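J.: Right, I'll just put the structure down here and ask away after.
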């Protein structure tokens, strides 16, 4: 069965380290429905010591830059973008793509980085994204509606958001849509979600 869409999440550099109490995934803890990597303060500290830059957080202007790059890349590739939510420390995207889920995520990170470097050339060498991320497949309209709702409404206060109304079959019209008008966030950039 082919996927209807991908649900992709990736974090900013250093904002979600292995061993943290809230859980994380690694090569041995990455299958759907399996336990997260257990909390381990020693592992988290070791990962922090390996970092070559400070943790990266997206301020409101940079969140809008990342959102615009995702929207533009989907338009260029002729991919169907269902929803995107750029937070201070992570990005959620629900998209129907012609590429593999891994390639799709890699392209989003690359294009977002290119746009951020254009806005901040003095930080061209800075690491902005974690290695890999979460890549899930969505197989039906019910699952699509659930992940779009999570991305749009399940993140706390809206930051930089895009949602394509309505979902296939007209479902999800009650989801709050901000199509082509990403929200402006005036909240503290350090508040992680």
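J.: Could you tell me whether the stretch 95-102 includes any residue that is modelled with pLDDT of 90 or more, assigned to a helix (DSSP H, G or I) and either touching a helix residue (DSSP H, G or I) at 6+ places or on another chain (Cβ under 9 Å) or surrounded by fewer than 16 Cβ atoms within 10 Å (Cβ to Cβ) (or both)?
T.: Looking for residues that are modelled with pLDDT of 90 or more, assigned to a helix (DSSP H, G or I) and either touching a helix residue (DSSP H, G or I) at 6+ places or on another chain (Cβ under 9 Å) or surrounded by fewer than 16 Cβ atoms within 10 Å (Cβ to Cβ) (or both), one finds at least one in the stretch 95-102, hence yes.
J.: Taking the stretch 64-113 only, how many residues are within 27 Å of residue 157 (Cα to Cα) and in contact (Cβ under 8 Å) with a residue 40 or more places away in the chain?
T.: Number of matching residues: 31.
J.: Take the conditions modelled with pLDDT under 95 and under 17 Å from residue 6 (Cα atoms) and apply them to residue 90. Does it pass?
T.: yes
J.: If you go through the stretch 126-142, how many residues are touching a helix residue (DSSP H, G or I) at 6+ places or on another chain (Cβ under 9 Å) and loosely packed, with under 15 Cβ neighbours inside 10 Å?
T.: Total meeting the criteria: 1.
J.: Check off (1) farther than 12 Å from residue 10 by Cβ; (2) in contact with a strand residue (DSSP E or B) (Cβ under 8 Å, 6 or more places away or on another chain) for residue 143 and give me the number that stays unchecked.
T.: Result: residue 143 passes all but (2).
Results for (1) touching a helix residue (DSSP H, G or I) at 6+ places or on another chain (Cβ under 8 Å); (2) at pLDDT 90 or above, shown as yes or no for each residue.
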{"residue": "117", "(1), (2)": "yes, yes"}
{"residue": "144", "(1), (2)": "yes, yes"}
{"residue": "151", "(1), (2)": "no, yes"}
{"residue": "176", "(1), (2)": "yes, no"}
{"residue": "181", "(1), (2)": "no, no"}
{"residue": "184", "(1), (2)": "yes, no"}
{"residue": "192", "(1), (2)": "no, no"}
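A quick yes/no check of all residues on (1) surrounded by fewer than 19 Cβ atoms within 10 Å (Cβ to Cβ); (2) over 13 Å from residue 8 (Cβ atoms):
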position: 73; (1), (2): no, no
position: 76; (1), (2): yes, yes
position: 85; (1), (2): no, no
position: 93; (1), (2): no, no
position: 116; (1), (2): no, yes
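The values are calculated or read from the model by the stated rules, or taken from the named source; none is laboratory data. Since the structure is predicted, the reported quantities are computational estimates derived from the model, not experimental observations. Glycine gets a Cβ as well: all are built from the backbone with ideal geometry, and neighbour counts include every protein chain shown.
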